[in-house]
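Written below as structure tokens is the structure these notes are about.
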Amino acid sequence: MDGKEEFLKEFGDFYGYPNAPKSIDEIRSTEFKRLEDTVYLDHAGATLYSELQMEAIFKDLTTTVYGNPHSQSDSSSATSDIVREARRQVLDYCNASQKDYKCIFTSGATAALKLIGENFPWSCKSTFMYTMENHNSVLGLREYALNQGAAAFAVDINEAVDQGGASRSSLTSFKVIQHPVQIRNEAKVLEGELTGDAYNLFAFPSECNFSGMRFGLDLVNNVKQNAEKILEGSPYSKGHWMVLIDAAKGFAAQPPDLSLYPADFVVISFYKLFGYPTGLGALIIRNDAAKLLKKTYFSGGTVAASIADIDFVRRREAVEEQFEDGTISFLSIASIRHGFKIFNTLTTSAMCWHTMSLTKFLKRKLLALRHENGESVCTLYGNCPLKVSRHDCGSIVSFNLKRPDGSWFGHREVEKLASLYGIQLRTGCFCNPGACAKYLGLSHSDLLSNLEAGHVCWDDNDVINGKPTGAVRVSFGYMSTYEDAKKFIDFIRSSFISMPSEFEKRYLLRSKSIPCPTEGFEDRLSSSACHLKSITIYPIKSCAGFIVNSWPLSDTGLQYDREWLLKSLTGEILTQKKVPEMFLIKTFINLNQQILSVESPHCKRKLQIKLDSNSYLPGKEEFYLQSQRYEVQCYENEINQWFSDAVGQPCTLVRCCQSEYCFSLNKNRSMGMCRDVNSKVNFANEAQFLLISEESVSDLNNRLCSKTQKLSCGAPPNVNPMRFRPNLVISGGEPYAEDGWRNLRIGNTYFSSLGGCNRCQMINFYQQTGQVKKTNEPLATLASYRRIKGKILFGILLRYDPGNKARLDTNSWLKVGDEVHPNSE
């Protein structure tokens, strides 16, 4: 029995919409053709729109005239009718009576939350209670509460499970554990608040976007009716409790039934339901709750009348008209009926069962993975059981991976490798700091020390002090397939379950050894089997370089190497990763004429810049790159306009004239990164020189050829050494012999190796017929055998050896043909 047969034997009744007009395979082949080479597993971030859905929207918008609804014309009336019908569909989807609830359109769930926070009747007697598992957009409500003198605190809900539609009032189904109370400033009690009860707000997600855990909707009735008992008589439990459900994640497959669980506020975003439209959400609000909101601002569409030169305004009475400021996004609203049409065809129950089957399957497979020493590979987050049930957990699988020795693979490493395999997922904390800290076991001191260490959301600091700072999240959508889950499992097996390669063993051994002293360095140099094959200078960071037979050295490396860079008008440094057109900008420096020449296919004339230029603007500027301060000279508008035309966006050229850039790395950094150095560099990312071996490139090409033949996928790619943007290319010796070099001499110049160069997606860009293209090679192949501790290493970084007596002088040159004498001790 193959894998899919085994899967269908258990989940066949739930997977693939057996009772729908189309099977899952038909849905994928006809409505999601763009996913042929992509495994998309970030539906919690943004699900995908159907191609047929978009065709229906396009046909609708191109055959119907929709006017501004704030008018009385026929086109405006048509728009008003569509908007009215859209409100009804939203309310029907969560079984909310139009007598009790209204649907207010917003720009998204976050805007809906902001609307609540700004207008809620906070007072110094109010309490804002929220579950630890809440999105930052919900936590932001705390600011409004605390600023008005209200108390706020987080709670953990233990044993909270969805009751599957059966209403229960028992308080034994869950237990509330209260975190410390936060009170910012003692606010003055306003007149009229001494009498009467305060209004409190409790917020929770229908489904946690970190772990996928679904909260029992009994929380709505129990908090509204029994808050004092739940909070065990806490003084902050008194008053009128109102309940907010963040349904941005859980609304698609399991919308709350508001006839059974009458929450006061429910917020949603439509792109998380059916992919399109983006920038549109809704606040579903009880009528009696709407009456309590204290809105100050008024705008077009929200007033019945106003007088410009006196203090007079009369607001509209309809709830929607009071809170929808300005013209609503009526074309987007007209589009949502095509999304609901898909949902009504498939049914929410079938979508829930479908995603549940994939979620359970993936969790079981991940938990079963073992390293050769028997240690578990995967740690799952969330207490969802693995039995077949559609009520306990959503469509999310959140986890981290461990090495055989128990250390963690970084979540960013997983994400970067996944992208090479065409797998799209998400990593980090997913804007849910409470759930992240809870499941990863991060204390307040951990979080603060991580911040002090430079860690912020979306960066690459994925493991700090031996602890992960985030997780890997896979999330399924209604169009996800067994094949998506299977490809992901195969990726995890091939990339994270294996014995260390010879390369990794060698580097681990080297990292534990004692660094060689520089004394007697020359005596340990081996006889030469290598020579310098080529020298390349890259004057402008991320632009093309030029090859020379000989070149002078300076205290920053090769003279003029990466001495210039391009900045956007907002100060962002431009690189090929974001601006591939930079690859097409050719450079050359004539030392005799002291001229930098630049060419681009997007510019008619060649640009020539004198090295002792009088085209600088007066004065100098400072800016920071990689936490170091640079003093730079800027150029006049004519030069900046040339580069703006070349890259297709406004930018400026700057030249490094002075820096306080002391290049040093902590001695405890993992091997494969640079060791302690103190070197002066211009705008290079890591070191003064990058060295590549022709023999290593040849071995890589052989592996690419074998891989292509095995997969029968056309002609193998042939990678040129220049793909890696080296300064120095050597020829001779064994492949990867440079990995073990500690010191070397090229001609009469001495260098120390700083370790391997960590490669990124930039080496996947190549030029063909005057265009920049991108593939997943050679990085994908390098990742299969050159990966260590999250780094994919190829080539080595060099600096001048600071401890050797043969120091660099101003007359030193490197020449093609110079012998290379390495020391590997």
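The values are calculated or read from the model by the stated rules, or taken from the named source; none is laboratory data. All figures in this text were calculated on a predicted structure; none of them were measured in a lab. No Cβ is skipped: glycine too gets one built from the backbone with ideal geometry, and neighbour counts run over all protein chains shown. The accessibility values were calculated without ligands, DNA or RNA, using every heavy atom of the protein model including side chains. Shrake-Rupley method; radii C 1.70, N 1.55, O 1.52, S 1.80 Å.
Search region 357-373 for residues that are surrounded by fewer than 22 Cβ atoms within 10 Å (Cβ to Cβ) and pair each with any residue that is hydroxyl-bearing (Ser, Thr, Tyr) when their beta-carbon atoms are under 8 Å apart and the residues are at least 6 apart or on different chains. Going by the 8 Å Cβ cut-off, the qualifying pairs are Leu367/Ser376; Leu369/Ser376; Arg370/Ser376.
When Leu584 is tested against (1) open to solvent by less than 20 Å² (accessible area, probe 1.4 Å); (2) more than 13 Å from Asp645 (Cα to Cα); (3) of a type in the set (A, V, I, L, M), only condition (2) is not met. Residues of region 259-271 being touching a residue at least 60 places away in the same chain (Cβ under 8 Å) and in contact with a helix residue (DSSP H, G or I) (Cβ under 8 Å, 6 or more places away or on another chain), which ones? If the condition is that a residue be touching a residue at least 60 places away in the same chain (Cβ under 8 Å) and in contact with a helix residue (DSSP H, G or I) (Cβ under 8 Å, 6 or more places away or on another chain), then Tyr261, Pro262, Phe265, Val267, Ile268, Ser269, Phe270 are the ones that fit. Each residue in region 722-734 was checked for being closer than 28 Å to Gln576 by Cα, open to solvent by 20 Å² or more (accessible area, probe 1.4 Å) and part of a loop (DSSP other than H, G, I, E, B), and 1 of them qualify. Return yes or no: is Arg759 touching a Leu at 6+ places or on another chain (Cβ under 7 Å), basic (Lys, Arg) and under 22 Å from Phe496 (Cα atoms)? So Arg759 passes the test. Is it true that some residue in region 305-316 is open to solvent by 20 Å² or more (accessible area, probe 1.4 Å) and in contact (Cβ under 8 Å) with a residue 40 or more places away in the chain? No, every residue in region 305-316 fails to be open to solvent by 20 Å² or more (accessible area, probe 1.4 Å) and in contact (Cβ under 8 Å) with a residue 40 or more places away in the chain.
Among the residues of region 71-101, the one identified as touching a residue at least 24 places away in the same chain (Cβ under 8 Å), open to solvent by 30 Å² or more (accessible area, probe 1.4 Å) and under 23 Å from Val303 (Cβ atoms) is Arg87. Among the numbered conditions (1) at positive phi; (2) surrounded by fewer than 22 Cβ atoms within 10 Å (Cβ to Cβ); (3) modelled with pLDDT under 60, tell me where Leu665 comes up short. For Leu665, the exception is condition (1). Sub-6 Å Cβ pairs linking a first residue in region 46-58 that is farther than 14 Å from Gly477 by Cβ to a second residue that is among the charged types (D, E, K, R) and assigned to a helix (DSSP H, G or I), at least 6 apart or interchain, are Glu51/Glu31; Leu52/Glu31, ordered by first then second residue. Within region 14-32, being open to solvent by 60 Å² or more (accessible area, probe 1.4 Å) and more than 13 Å from Ser50 (Cα to Cα) holds for Pro18, Asn19, Pro21, Lys22, Asp25.
For region 778-789, the set of residues classified as more than 23 Å from Leu744 (Cβ to Cβ), open to solvent by less than 30 Å² (accessible area, probe 1.4 Å) and not in a helix (DSSP H, G or I) consists of Pro778 only.
Looking only at region 598-622, count how many residues are open to solvent by 20 Å² or more (accessible area, probe 1.4 Å) and of a type outside the set (Lys, Arg).
Let us first name the residues in region 598-622 that are open to solvent by 20 Å² or more (accessible area, probe 1.4 Å), namely 599, 601-606, 608, 610, 612, 614, 616-622.
Those still in the list that are of a type outside the set (Lys, Arg) too: 599, 601-603, 608, 612, 614, 616-619, 621-622.
Number of matching residues: 13.
Do we find that Arg286 is modelled with pLDDT under 95 and more than 17 Å from Ser80 (Cβ to Cβ) in this structure? No. In a residue-by-residue description of region 402-414, the property of being among the β-branched types (Val, Ile, Thr) and under 20 Å from Val138 (Cβ atoms) applies to no position.
Scoring Pro277 on the criteria (1) within 21 Å of Ile333 (Cβ to Cβ); (2) in contact (Cβ under 8 Å) with a residue 60 or more places away in the chain leaves a single failure, condition (2).
Of Leu113, Leu8, Leu35, all but one fail to be outside the structural domain of Leu425 (by the TED database), of a type in the set (A, V, I, L, M, F, W, C), under 21 Å from Ile396 (Cα atoms) and surrounded by 14 or more Cβ atoms within 10 Å (Cβ to Cβ); the exception is Leu35.
So for region 501-514 (the condition being among the polar types (S, T, N, Q), within 27 Å of Arg786 (Cβ to Cβ) and at pLDDT 70 or above), does at least one residue qualify? No, because not a single residue in region 501-514 is among the polar types (S, T, N, Q), within 27 Å of Arg786 (Cβ to Cβ) and at pLDDT 70 or above.
From the list Glu320, Glu375, the one residue that fits, being of a type in the set (Asp, Glu) and touching a helix residue (DSSP H, G or I) at 6+ places or on another chain (Cβ under 9 Å), is Glu320.
Please state which one of Asn823, Asn811, Asn743 is of a type outside the set (D, E, K, R), more than 25 Å from Leu401 (Cβ to Cβ) and open to solvent by 50 Å² or more (accessible area, probe 1.4 Å).
After ruling out the rest, the residue left standing is Asn811.
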